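Beneath this line is the structure, given in structure tokens, with notes to follow.
The values are calculated or read from the model by the stated rules, or taken from the named source; none is laboratory data. If you're wondering where the values come from, they're calculated on a predicted model, not measured in any experiment. No Cβ is skipped: glycine too gets one built from the backbone with ideal geometry, and neighbour counts run over all protein chains shown.
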Amino acid sequence: MKPYSAVVALLCLVGSVKKAVAIQADTTINYIESKEDIVNPERGFYRQQNIFASNYIPLDKNTLIGYRTSQKINKALYSVSSSLIYVEYILDSFKGSPISDTFLKNFNTDCATARAAGVKLIVRFCYVNKAHGGDCGDGICPPYGDAPKAIVLNHIKQLKPYLQQNADIIACMQMGFIGIWGENYYSDYFGDASKTGNGRVLDSNWCDRTSVLKALLDALPKSRMIQVRVPQLKQRYVYGVSANVQSAALNEVEAFNGTDKSRIGFHNDCFLSGPTDYGTYNDYGNSSSPQKDATPELRKFEMADSKFTVVGGETCDDAFSPQNDCGPTGRAQQEFAAFHYSFLNSGYNTNVNDDWVTGGCMDEIKQKMGYRLVLRKAVFPTVTLKGSTVNFALDIENVGYASPYNERPVQLILKNKASGTLTTLLVKTDIRKWFTGEVDLQQKLALPANLTAGEYELYLNLPDAAASISSRPEYSIRLANDDTWEAETGYNKLNATIRIK
């Protein structure tokens, strides 16, 4: 007969082995991909609103809420659901004076309305949004109607506190301010590269333009990006007014670090309209060089840079067919992917957009605009100890055209099945680097030592980073899976349970 102490030791050893085996056992769960057109934040087809300072009609909450539901676009063949609203503020009353307190208060109210409605804004300010013709080289004739640099810089200074306090619902901002529509082209004060003007942008003009861009970058928190109309403006801002079109694009080491270089993205307001997209990829020259086509170089630059910055815009001309049609005859999907598009105007140009309906790729474009995160598989332990370290793995695929461009936390939520108590564990990852393709997320997370023993349901939560809206389901990312979304909380159910001893 073995001594009593030896028996006790053996029993303890056996018990420890059984416990270890139980704790180490894993559960693997496979998930089904959804084909639904999901209304996720900061991506997709946007709706447009124009607001004139001279006749200020504020945003309407019910209208914005309605945009989140599927609505047919007027005279188009398609319907969209939108979480993004592009708002163009036309400062037509303030071309020679400061912005009024009334306008600033109205802008602040608009932001509160968007927040209450559960949408985000793409914001652009300009002074004129209508061209006039005449006997001039381009058919769009001066005076164009924008404002001088001193006025622009003072307006940005006035807007700064309002942009800062409402950054939570500003998805991004477009540079605007200069030229008709704020597109930085037909301008009375910042250089005129049209046939009517100098035919190029002079050194002094580039300096003035980059001063405006610098002021806007300083006016917004470092968490937000500014979109510029042409990629050359970013090159000339970063590398100087004589920078050539071969200037280096942003790389992953530089990305998302809060520097000016990392915060400048692009809006192409004539996407798929022609070989140069109406001059989007022109080299506009400077005081010592003429304007010329630089399409290959600037397309290459934007393709590389846009992996790490926000890109969107609108179509403007249906003449570039079949190139702007669905593949394989056209290259619409290919261009969306190559330039990492996160959003596009739903209402212009509907002739181009309608072609994607008749061509059979509209549903794909709707789904893939921006990010689309599909959870393929998850591995979790079935049993573990409070205070221990939990190993888990998530296989996610981003099948969209781009990664999320604004930072947000990634959280593993444990919900006690008996009490409903929630425990939140922060996952160490940068969702902005969940680029198109596979995302292999493997983590070791420490459980609190005071966690109550019991059964816990698991959720993945991808909320907004701003405390003001982090608990709002409208601002949380929904995975593109069947039977995972919990609409009342904005959590993604992992359909897994873990027992904590």
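A few notes on this one:
- Residue list for the range 224-264, filter: under 17 Å from Gly191 (Cα atoms) and of a type in the set (A, V, I, L, M): Val228, Val230, Leu233, Val241
- Any chance Val128 is assigned to a loop (DSSP other than H, G, I, E, B) and touching a helix residue (DSSP H, G or I) at 6+ places or on another chain (Cβ under 8 Å): yes
- Scanning the range 412-424 for residues that are free of Cβ contacts under 8 Å to residues at least 60 places away in the same chain, aliphatic (A, V, I, L, M) and under 19 Å from Thr484 (Cα atoms) yields Leu412, Leu422.
- Pairs meeting the criteria (first residue in the range 40-67 and more than 19 Å from Phe343 (Cβ to Cβ) and assigned to a helix (DSSP H, G or I), second residue at pLDDT 95 or above and of a type in the set (Ser, Thr, Tyr), beta carbons under 6 Å, at least 6 apart or on different chains) are Lys61/Thr113.
- Segments classed as helices (runs of 4 or more DSSP H), wholly inside the range 332-403, with at least 3 members that are farther than 22 Å from Ser34 by Cα and more than 20 Å from the chain's Cα centre (by Cα): 350-358
- Scanning the range 249-266 for residues that are small (Gly, Ala, Ser) and within 17 Å of Phe339 (Cα to Cα) gives Ala249, Ala255, Ser262, Gly265.
- Selection count, the range 162-186, where residues are closer than 10 Å to Tyr127 by Cβ and either assigned to a loop (DSSP other than H, G, I, E, B) or modelled with pLDDT under 95 (or both): 4
- Residues located in the range 294-331, provided they are part of a helix (DSSP H, G or I) and more than 18 Å from Pro275 (Cα to Cα): Ala304, Asp305, Ser306, Lys307, Phe308
- Screening the candidates Gly145, Gly96 for the property of being within 30 Å of Ser194 (Cα to Cα), among the small types (Gly, Ala, Ser), buried (at least 17 other Cβ atoms within 10 Å of the Cβ) and modelled with pLDDT of 95 or more yields one hit, Gly145.
- Of all residues in the range 239-261, those satisfying the criterion of being free of Cβ contacts under 8 Å to residues at least 60 places away in the same chain and among the aliphatic types (A, V, I, L, M) are Val241, Ala243, Val245, Ala248, Ala249, Leu250, Val253.
- Residue satisfying condition, being buried (at least 18 other Cβ atoms within 10 Å of the Cβ), more than 20 Å from the chain's Cα centre (by Cα) and either outside the structural domain of Lys149 (by TED's automatic domain parsing) or at pLDDT 95 or above (or both), within set Leu64, Leu91, Leu84: Leu91
- Residue within the range 227-242 that is at negative phi and in a strand (DSSP E or B) present: yes
- Within the range 155-186, being under 14 Å from Asp110 (Cα atoms) and of a type in the set (Asp, Glu) holds for one residue alone: Asp168.
- Among the residues examined, Ala219 does not qualify as over 26 Å from Tyr144 (Cβ atoms) and surrounded by fewer than 24 Cβ atoms within 10 Å (Cβ to Cβ).
- Any chance Arg499 is in a loop (DSSP other than H, G, I, E, B) and basic (Lys, Arg): no
- Tally of residues being assigned to a loop (DSSP other than H, G, I, E, B) and closer than 12 Å to Ile178 by Cβ across the range 131-149: 5
- Test: residue in the range 445-458 that is modelled with pLDDT of 95 or more, closer than 30 Å to Ala114 by Cα and either not in a strand (DSSP E or B) or not assigned by TED's automatic domain parsing to the domain that holds Ala337 (or both): no
- For Ser204: the one exception among (1) hydroxyl-bearing (Ser, Thr, Tyr); (2) in contact (Cβ under 8 Å) with a residue 40 or more places away in the chain; (3) buried (at least 20 other Cβ atoms within 10 Å of the Cβ): (3)
- Whichever residue in the range 243-277 is outside any loop (DSSP other than H, G, I, E, B) and among the charged types (D, E, K, R) and, among such residues, is farthest from Val311 (Cα to Cα): Lys261
- The single condition from (1) aliphatic (A, V, I, L, M); (2) farther than 19 Å from Val379 by Cβ; (3) loosely packed, with under 13 Cβ neighbours inside 10 Å that Ala480 fails is (3).
- Looking at Asp168, Asp135, just one residue is closer than 19 Å to Tyr86 by Cβ and acidic (Asp, Glu), and that residue is Asp168.
Listed here are the residues, each with its yes/no results for (1) within 18 Å of the chain's Cα centre (by Cα); (2) surrounded by fewer than 17 Cβ atoms within 10 Å (Cβ to Cβ); (3) more than 30 Å from Arg331 (Cα to Cα).
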{"residue": "Val228", "(1), (2), (3)": "yes, no, no"}
{"residue": "Pro231", "(1), (2), (3)": "yes, no, no"}
{"residue": "Ala243", "(1), (2), (3)": "no, no, yes"}
{"residue": "Asp260", "(1), (2), (3)": "yes, yes, yes"}
{"residue": "Arg263", "(1), (2), (3)": "yes, no, no"}
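- Qualifying residue in the range 104-117 (condition: assigned to a loop (DSSP other than H, G, I, E, B) and among the small types (Gly, Ala, Ser)): no
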